[in-house]
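The values are calculated or read from the model by the stated rules, or taken from the named source; none is laboratory data. These numbers come from a predicted model, not from an experiment. Cβ: placed from backbone, ideal geometry, glycine included. Neighbour counts: every protein chain shown.
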Amino acid sequence: MRTRGGVGESIPRPDGPDKVSGRFSFGSDLTAPGMLFGKTLRSPHAHALIRSIDVEKAAGMPGVKAVLTAADLPGERLYSLHQPPDQPVLAASGEEVRYAGEPVAIVAAEHPEQARAAVQAIAVDYEVLEPLLDPVEAIRRGSVLRELTIRSGEPDTPADVVVDGYYEVGQQDQAPLGPEAGLAIPTPHGGIDLWVATQALHVDLEQVEACLGMRAGAVRLHLGGVGGAFGAREDLSIQVHACLLALRTGRPVKMWYGREESFTGHVHRHPAWMWYSTGAGRDGRLVFVKATILLDGGAYASSSGAVVANAACFGAGPYRVPNALVWSGAARTNTVPNGAMRGFGAVQSCFAYEGQMDLLAARLGLDPIEIRLKNAIRPGDRLITGQAVTGAAPMAKLIDLCRELPEPPTPAHPLALPGGAGNVASAAEVVRGTGFAVGFKNIAYSEGSDDYATARVRLQRGADGEAFAQVKTAAAEVGQGLVTVCLQVARTELGVEAVEIERADTTVGNAGSSSASRQTWMTGGAVREAARLVAAEVLKRAGPPAQALAAGHVLDEEGAPLAPIALFLDEPIEREFEHHHRPTSGLDPAGQGDAHVSFMFVAHRATVDVDPEAGLARVAQVATAQDVGRAINPLQVHGQIEGGIAQGVGLATMEEIKLKDGLIRNASFTDYIIPTSLDMPEVAAVLVEEPEPDAPYGAKGVGEPPLISSPAAIAAALRAATGRRLNRVPVSPDELAGLTECRPGWLVRPGRSPAEAVQPAPQG
Amino acid sequence: MTQLRLTVNGAERESEAWPGESLLYFLRERLGLFGSKNACEQGECGSCSVFLDGELVCSCLVLAAAAEGAEIVTVEGLEDDPVAAAVREAMVAAGGVQCGFCTPGFVVAMTGLLRSNRHPSDLETREALSGNLCRCTGYVRIFEAVRQAGEALG
């Protein structure tokens, strides 16, 4: 007997029917009787001193029920994802605002337009200060969020050939379609219930409790439907503000950000400036990598510390690199804070180290794929942090499989040419280019974090007399399909097909965040272990010869059914399990340590069509081979791959937040362009399933790798088509056409701190 | 405040409204029809797609007051529509749904496409859906859902 819909099957999402019918409730769809609408006043200046805030006029406007400033804060005035907190809940009079978009006051009113009008009526007297916007200048002045150096081997070992390169990665927005949103409802006993679209209920809870000055238990968080995340929902947005307004007014308060506000209301991917020097022998084997990876952290720390570590740890690529010197750091500036986005530091350095591999190949007259194969990391090899790769590491296999995938036909229809519907490209001018790139990244939390997730599994007899199970976790379904994974795991372990995944809230233990490609491993693992405890109790109740559970039955050792599981459920069975991954360690002063629990590897090949005269490009295909350990749900894995590649196409060719004087100039989907159905390339994907020894069912995470090396592969393909350097993503039409070129604003010796940077001689 | 009467999903619906309210706001906050989504509220993403007298429009770009007298059909009003039913089934089966925020808008747009063209080519599908943004799926499985729904409809 076999349980249907278990681990390994491409079952449809359990929330799919509600989502296609419009019934599924997202954070911004919530409503409650007597509900007010909250709005935020934000600083228009990148750096200023607040001399005074006058809310009197705003407070007297029609429909306005509360106007709150920092003077009204009942608890901690600062919050952050990490200790120590550094970000004000609201900027206070007499203090500075440190980025354009920093919250200064909040309003609740009967109608959102009344709230908006009141926000505009708040009089803030700012003394505008000079913003610090250049991250090199910030590092030179000691304005640093985190810096670290990794040193391994003898980085000054001479090499037969040395290539130097400078690379930039633009600031990418996660652009989840669901806006930041939530609804706070005061409880009769002075507490608060908050429904919110977030990536991590307990991480939010801890910060909300502190900022509200409330004891544990007074605040409950519930997952509002989450319309995508990609890192944008790791930091707080509306959480504390909505609660403050609800507590002050005694009424439910709903807040959501419009698209423009969303751009300043969440952190973004760190833009990066990278100076690399890579040495190799004549045979193409790497001798050393020296790199300086500078990130703009923006005004507040957010996850900059962990992003800096990732950019550094993976900064030499998934290769055997005997000698390395990598400096990685984030500057504190007066730009909107940067933090988590899918790929989390690994994306930026991949663009640089893969550019270097192509330069090396060209210098040595080697094929770009051959030089990668020659250096590809193998199980047992050590990273530049000294950590040995103990699990699956099928890098060479991924390269081989990816290169073998069929290439796309040349475009036959004008709509498929670069430029698409508004096409001005001429088919005769279009040049095809192909590029290859590989990447890798950690799974789950690193550097000694006690990373865990909790699950509660209950098995009982339903009204229909059949066994059915309920799975409760606080893990955030953000779109990635965690509910499907939990369902499949519970079915597999319990032998019961009727499984309900309950909506997440904080009445069950912490599950950590839906980030770092960790939830299949962490929460999936917690559900598996809790379900196994429940299954053991069923078998105990059934007594020998019961051996296993499947398809609703208790089975004997031959797999023959003995009795329905429901027969042993006079009393429901409930078990909870807290699943920790094996401990990791921090990085020592030389950047050495077993800081990561496991790694995911990926290879991408991009095919592009370019009209170099017009500066137009179209990505025709991205082929990929990805190391997934085990695909719990192959359909969903392919969905993650395709969606991640779409974001990679965006980063490589169109997506960038444009800042001027620290202000975002393109905070809309009119001006911040993300790929549409016409931009999306064909995707050819192959999954490599080599089970990871420590992971539940051998499954690695799958969310981030599609975005790690796809931008680098696309950039390489554009270089192949145009012969230009294209050392910056997103590649602009002007760069494609050769009208402009990205040059470093500062000269930095690769591996050294930008504190030693000098300005280049003016171009003659 | 003013009083508006709109024909939504075949029924007369009346509510007070702020004169500047968009049709999207009116549908959501006045009528409780939250299936039309508010991803950008500036006409770029298509998540608020509805039919206005049979035409596919972004309801965020239409003033509620200007929609008086028109026949408005939202995703909720497509419950018994055979084309939309095929689209919904195919979207779930093909894996065209992830976070789901863009999904109701896509269901409306895909229904519009398949009403006029049961078997669109890949490029026709891409063109027809280019006004709807999806950030999760990379569209690949949405294209597949169009194909599957078209096939199911014969």
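Checking region B:143-150 against the condition returns a match, with at least one residue being buried (at least 18 other Cβ atoms within 10 Å of the Cβ), in a helix (DSSP H, G or I) and within 9 Å of chain A (Cβ to nearest Cβ). Here the strands (runs of 3 or more DSSP E) wholly within region A:423-511 that include at least 3 residues being within 24 Å of the chain's Cα centre (by Cα) are A:431-442, A:452-461. Just so you know, in region B:22-81 the residues that are within 13 Å of chain A (Cβ to nearest Cβ), charged (D, E, K, R) and in a loop (DSSP other than H, G, I, E, B) include one that is surrounded by the fewest Cβ atoms within 10 Å (Cβ to Cβ), and it is B:Asp80. Within region A:160-181, the set of residues being crowded, with 19+ Cβ neighbours inside 10 Å and hydrophobic (A, V, I, L, M, F, W, C) comprises A:Val163, A:Val169, A:Ala175, A:Leu177, A:Ala181.
A quick yes/no check of all residues on (1) surrounded by fewer than 24 Cβ atoms within 10 Å (Cβ to Cβ); (2) more than 29 Å from B:Gln42 (Cα to Cα); (3) not acidic (Asp, Glu):
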| residue | (1), (2), (3) |
| --- | --- |
| A:Met214 | yes, yes, yes |
| A:Val240 | no, no, yes |
| A:Arg248 | yes, yes, yes |
| A:Ser262 | no, no, yes |
| A:His266 | no, no, yes |
| A:Arg269 | no, no, yes |
| A:Ile293 | no, yes, yes |
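Limited to region A:519-534, what total is found for residues that are touching a residue at least 60 places away in the same chain (Cβ under 8 Å) and touching a helix residue (DSSP H, G or I) at 6+ places or on another chain (Cβ under 7 Å)? Steps first, answer last, please.
Of region A:519-534, the ones touching a residue at least 60 places away in the same chain (Cβ under 8 Å) are A:519-531, A:533-534.
Filter once more, keeping what is touching a helix residue (DSSP H, G or I) at 6+ places or on another chain (Cβ under 7 Å): A:519-521, A:523-525, A:527-528, A:531, A:534.
Selection size over region A:519-534: 10.
Scanning for something of a type in the set (D, E, K, R) and in the same structural domain as B:Ser15 (by TED's automatic domain parsing), does region B:52-59 turn up at least one residue? Yes, that holds for at least one residue. Do you know which of the residues in region B:1-21 that are in contact with a helix residue (DSSP H, G or I) (Cβ under 8 Å, 6 or more places away or on another chain) and part of a loop (DSSP other than H, G, I, E, B) is farthest from A:Pro33 (Cα to Cα)? Looking at residues that are in contact with a helix residue (DSSP H, G or I) (Cβ under 8 Å, 6 or more places away or on another chain) and part of a loop (DSSP other than H, G, I, E, B), I get B:Gly10.
Count of region B:124-142 residues, restricted to those that are surrounded by 21 or more Cβ atoms within 10 Å (Cβ to Cβ), free of Cβ contacts under 8 Å to residues at least 40 places away in the same chain and more than 7 Å from every other protein chain (Cβ to nearest Cβ), is 2.
Considering region B:82-102 alone, what residues qualify as being part of a helix (DSSP H, G or I) and without any contact (Cβ under 8 Å) to a residue 24 or more places away in the chain? Within region B:82-102, B:Ala85, B:Arg88, B:Val92 qualify.
Any residue at all in region A:629-641 that is more than 14 Å from every other protein chain (Cβ to nearest Cβ), in a strand (DSSP E or B) and either surrounded by 23 or more Cβ atoms within 10 Å (Cβ to Cβ) or modelled with pLDDT of 95 or more (or both)? Within region A:629-641 (the criterion being more than 14 Å from every other protein chain (Cβ to nearest Cβ), in a strand (DSSP E or B) and either surrounded by 23 or more Cβ atoms within 10 Å (Cβ to Cβ) or modelled with pLDDT of 95 or more (or both)), the answer is no, since none of the residues qualifies.
Within region A:544-565, the set of residues being under 19 Å from A:Thr492 (Cβ atoms) and outside any loop (DSSP other than H, G, I, E, B) comprises A:Ala548, A:Leu549, A:Ala550, A:His553, A:Val554, A:Leu555, A:Pro561, A:Pro564, A:Ile565. Being touching a residue at least 12 places away in the same chain (Cβ under 8 Å), outside any helix (DSSP H, G or I) and either among the aliphatic types (A, V, I, L, M) or touching a strand residue (DSSP E or B) at 6+ places or on another chain (Cβ under 7 Å) (or both) is a property that does not hold for A:Leu359. For region A:399-417: of the residues being free of Cβ contacts under 8 Å to residues at least 24 places away in the same chain and part of a loop (DSSP other than H, G, I, E, B), which is nearest to the other protein chains (Cβ to nearest Cβ)? Restricting to residues being free of Cβ contacts under 8 Å to residues at least 24 places away in the same chain and part of a loop (DSSP other than H, G, I, E, B), the top hit is A:His413. Residue-level check: of (1) more than 14 Å from chain B (Cβ to nearest Cβ); (2) part of a loop (DSSP other than H, G, I, E, B); (3) touching a helix residue (DSSP H, G or I) at 6+ places or on another chain (Cβ under 6 Å), A:Lys57 misses just (2). Given the structure, is B:Gly100 closer than 28 Å to A:Pro706 by Cα, surrounded by 22 or more Cβ atoms within 10 Å (Cβ to Cβ), within 11 Å of chain A (Cβ to nearest Cβ) and at pLDDT 95 or above? Considered against the rule, which asks whether it is closer than 28 Å to A:Pro706 by Cα, surrounded by 22 or more Cβ atoms within 10 Å (Cβ to Cβ), within 11 Å of chain A (Cβ to nearest Cβ) and at pLDDT 95 or above, B:Gly100 comes out as yes.
This table checks each residue for (1) closer than 29 Å to A:Ala272 by Cα; (2) within 14 Å of chain B (Cβ to nearest Cβ); (3) among the aliphatic types (A, V, I, L, M).
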| residue | (1), (2), (3) |
| --- | --- |
| A:Ile664 | yes, no, yes |
| A:Ser668 | yes, yes, no |
| A:Ile673 | yes, yes, yes |
| A:Met680 | yes, yes, yes |
| A:Ala685 | yes, yes, yes |
| A:Ala695 | no, no, yes |
| A:Ala699 | no, no, yes |
| A:Ile708 | yes, no, yes |
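Candidates A:Asp694, A:Asp671: the one that is at pLDDT below 95 and part of a loop (DSSP other than H, G, I, E, B) is A:Asp694. Filtering region A:20-36 to residues that are out of contact with any strand residue (DSSP E or B) (no Cβ under 6 Å at 6 or more places or on another chain) and at the interface with chain B (Cβ under 9 Å from one of its Cβ atoms) leaves A:Val20, A:Ser21, A:Gly22, A:Arg23, A:Asp29, A:Thr31. Scanning region A:157-214 for residues that are outside any strand (DSSP E or B), among the hydrophobic types (A, V, I, L, M, F, W, C) and within 29 Å of the chain's Cα centre (by Cα) yields a total of 10. Checked against the criterion of being over 30 Å from A:Arg749 (Cβ atoms) and in contact with a Cys (Cβ under 9 Å, 6 or more places away or on another chain), the candidates A:Val89, A:Val55, A:Val119 yield just one match: A:Val89. Taken over region A:572-596, the residue count meeting the criterion of being touching a strand residue (DSSP E or B) at 6+ places or on another chain (Cβ under 7 Å), buried (at least 21 other Cβ atoms within 10 Å of the Cβ) and part of a loop (DSSP other than H, G, I, E, B) is 3. Taking region A:35-47 as the range and being among the small types (Gly, Ala, Ser) and either surrounded by fewer than 24 Cβ atoms within 10 Å (Cβ to Cβ) or not in a strand (DSSP E or B) (or both) as the test, the residues that pass are A:Ser43, A:Ala46.
Taking the stated definitions as given, is A:Ala761 in a loop (DSSP other than H, G, I, E, B) and over 27 Å from the mean Cα position of the chain (by Cα)?
yes
The numbered conditions (1) surrounded by fewer than 21 Cβ atoms within 10 Å (Cβ to Cβ); (2) at pLDDT 95 or above are all true for A:His82 except (2).
Please verify whether A:Leu221 is away from chain B (no Cβ under 14 Å), aliphatic (A, V, I, L, M), in contact (Cβ under 8 Å) with a residue 40 or more places away in the chain and assigned to a strand (DSSP E or B), treating the condition exactly as stated. Spelling it out, A:Leu221 is indeed away from chain B (no Cβ under 14 Å), aliphatic (A, V, I, L, M), in contact (Cβ under 8 Å) with a residue 40 or more places away in the chain and assigned to a strand (DSSP E or B).
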